[in-house]
Amino acid sequence: MQGDPRRVAMISVHTSPLEQPGTGDAGGLNVYVAETATQLAARGIEVDIFTRRTTGETPVEAELVPGVRVRHVTAGPYEGLSKEDLPGQLCAFSAGIMQAGLSVPEDHYDLVHSHYWLSGQVGWLAADRWRVALVHTMHTMARVKNLHLADGDTPEPRGREIGEVQVVEAADRLIANTDGEARELIELYAALPSKVSVVPPGVDLDTFTPGDRGAARAALGLPVEGDVLLFVGRIQPLKAPDMLLRVAAELLERDPGRRDRLTVAVVGGPSGSGLTRPHELEELAVSLGISDVVRFVRPVERTVLAQWYRAADLVLVPSYSESFGLVAIEAQACGTPVVAADVGGLPTAVGDAGVLVDGHRVGPWTDAVEALLRDRPHRLELGRRAVEHAAGYGWAATTDRLVEVYRQAILGRQASGNDSPIDEGRALVGVPTAVIP
Ligand code: UDP
């Protein structure tokens with residue numbers, strides 16, 4: 001069909017789809033990139049994913065699946081750079097991508113899809129030089145994060161906000177996970193409504209399936225009887241994993257007899273500002289007097305993660321900000337109800353199959369968890385609805401919608417004679433930043 005993409009360049013500067021998600025900078029974005037690239041390849045669309053080389057052993061190219069290449073670009077020292085150091089390496093990354101992208105004539109892309117603002121900056125240049133459309137997904141936004149900071153969290157710098165505004169302006173199309181994120185793009189970043197498309201992310205419905213709770217617990221060495229509460233994700237203040245521990249302490253305070261039948265598990269590793277205090281959560285468990293019921297588990301690959309979801313009675317997602325929350329939809333696909341913060345994309349991810357809690361006060365969170373632990377029939381009913389709800393979110397559906405957005409972007413570019421959507425002069429003098437209050 002006219003406008004159909006054949007070769008797509010994805011850009012993910014700061015984290016590679018080959019990394020294990022759940023710690024450091026690897027999380028939902030990595031899963032999103034890997035899953036959608038795999039689905040695109042299954043539709044005959046070749047994908048090159050450009051990411052930064054982070055070790056001396058990293059090959060120049062690696063195959064993720066047939067049809068998807070991960071291309072490692074040298075930009076700065078391999079090791080020792082944090083995400084915060086990367087704005088200084090964007091020029092080097094762009095130079096690398098220019099060489100890698102056009103090294104042979106048939107290496108011509110129909111479209112660039114950039115993920116996160118750092119990649120958007122590179123994608124802006126790449127799309128302009130290759131005279132193709134730029135589709136951009138924010139994943140998280142500085143202005144949204146700064147409006148919902150957790151206690152002790154560091155605000156996102158102004159340089160990121162300015163960079164995001166520029167990318168919003170430069171992109172032909174912007175992908176939002178939810179209607180709420182689309183509104184944020186329009187209201188906080190002055191995105192043109194006609195450029196924003198809502199494409200919900202997905203869940204691997206073959207891996208995250210309901211299963212026998214007892215068998216999952218036995219496989220993980222958990223007690224077969226009793227209550228299991230679970231947190232999965234990167235350990236940083238924004239994700240509020242401390243809420244799980246505080247809720248557990250409050251449950252035990254309310255009913256000390258519960259101690260023998262409660263297990264609390266945290267699956268994930270330190271990330272972001274959590275890296276400065278990697279043992280803070282263990283210390284909190286000690287100071288709350290609950291370390292005997294808490295298990296800390298390093299990030300696990302997804303077949304094992306599915307067992308953790310199945311083993312749990314409830315999964316808590318208490319984030320302060322979340323553009324969607326893949327963990328919430330994965331838990332539900334495994335038939336486990338979610339108790340989530342009423343923020344960002346979580347109401348969409350949870351639907352009517354879980355419980356949303358306003359704010360981050362321990363009392364209301366404990367009330368919600370306690371009520372569900374007491375009411376097994378209601379929990380089972382929510383679990384059943386959770387599976388149904390998650391069934392609407394396969395990566396195939398996400399990718400179908402992405403391909404449609406790609407087509408619109410390609411046709412839009414062709415119709416405009418391949419001109420960039422921004423007027424060069426405005427971009428150069430930074431007029432878009434005028435919308436920064
Ligand atoms: N994850 C994983 N193993 C772990 C912990 C997390 O594979 O031990 C994955 C999880 O399956 C999910 C992603 O990390 O797909 C986290 O995505 P989410 O949207 O919940 O949060 P983000 O990391 O994007 O903030």
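The values are calculated or read from the model by the stated rules, or taken from the named source; none is laboratory data. The structure presented is a predicted model; accordingly, all values stated were derived computationally and were not measured. When we count neighbours, we look across all protein chains shown, and the Cβ atoms used for this are built from the backbone with ideal geometry, even at glycine. Just the protein is used for accessible areas: all its heavy atoms, side chains included, with ligands, DNA and RNA removed. Shrake-Rupley method; radii C 1.70, N 1.55, O 1.52, S 1.80 Å.
Brief remarks follow.
- Inclusion of Val297 among residues that are under 21 Å from Gly359 (Cα atoms), near the ligand (Cβ under 10 Å from one of its atoms) and under 21 Å from the mean Cα position of the chain (by Cα) is not warranted.
- Test: residue in region 205-212 that is more than 14 Å from the ligand (Cβ to nearest atom) and among the hydrophobic types (A, V, I, L, M, F, W, C): no
- Taking region 259-281 as the range and being of a type in the set (S, T, N, Q) and touching a residue at least 12 places away in the same chain (Cβ under 8 Å) as the test, the residues that pass are Thr263, Ser271, Ser273.
- Taken over region 255-290, the criterion of being small (Gly, Ala, Ser), away from the ligand (no atom under 16 Å from the Cβ) and buried (at least 18 other Cβ atoms within 10 Å of the Cβ) is satisfied by Ala285 alone.
- A count restricted to region 182-197 and to residues that are open to solvent by less than 20 Å² (accessible area, probe 1.4 Å) and assigned to a loop (DSSP other than H, G, I, E, B) stands at 1.
- Residue in region 25-67 that is most open to solvent (accessible area, probe 1.4 Å), counting only those that are farther than 18 Å from Tyr406 by Cβ and within 10 Å of the ligand (Cβ to nearest atom): Asp25
- Members of region 390-404 that are part of a loop (DSSP other than H, G, I, E, B) and open to solvent by 40 Å² or more (accessible area, probe 1.4 Å): Ala391, Gly392
- Screening Asp85 with (1) in contact (Cβ under 8 Å) with a residue 60 or more places away in the chain; (2) open to solvent by 60 Å² or more (accessible area, probe 1.4 Å) gives one miss only, at (1).
- Only one of Thr23, Thr54, Thr36 that is outside the structural domain of Gly269 (by the TED database), more than 21 Å from Ser323 (Cβ to Cβ) and hydroxyl-bearing (Ser, Thr, Tyr): Thr54
- One residue alone among Gly221, Gly202, Gly211 is open to solvent by 10 Å² or more (accessible area, probe 1.4 Å) and in contact with a helix residue (DSSP H, G or I) (Cβ under 7 Å, 6 or more places away or on another chain), and that residue is Gly211.
- Filter pass, Glu57 being in contact with a helix residue (DSSP H, G or I) (Cβ under 7 Å, 6 or more places away or on another chain) and acidic (Asp, Glu): no
- A single entry from Leu134, Leu118, Leu174 fulfils the requirement of being part of a helix (DSSP H, G or I) and not aromatic (Phe, Trp, Tyr): Leu118.
- For Arg413, the criteria (1) assigned by the TED database to the domain that holds Ala176; (2) open to solvent by 20 Å² or more (accessible area, probe 1.4 Å); (3) of a type in the set (D, E, K, R) hold in every case but one, which is (2).
- Residue within region 70-79 that is β-branched (Val, Ile, Thr), buried (at least 19 other Cβ atoms within 10 Å of the Cβ) and modelled with pLDDT of 95 or more present: yes
- Test: residue in region 229-238 that is modelled with pLDDT of 95 or more, within 16 Å of the ligand (Cβ to nearest atom), crowded, with 21+ Cβ neighbours inside 10 Å and of a type in the set (D, E, K, R): yes
- Members of region 6-20 that are surrounded by fewer than 24 Cβ atoms within 10 Å (Cβ to Cβ) and over 22 Å from Gly88 (Cα atoms): Arg6, Arg7, Leu18, Glu19, Gln20
- Subset tally (residues that are more than 23 Å from Gly96 (Cα to Cα) and more than 10 Å from the ligand (Cβ to nearest atom)) for region 1-23: 5
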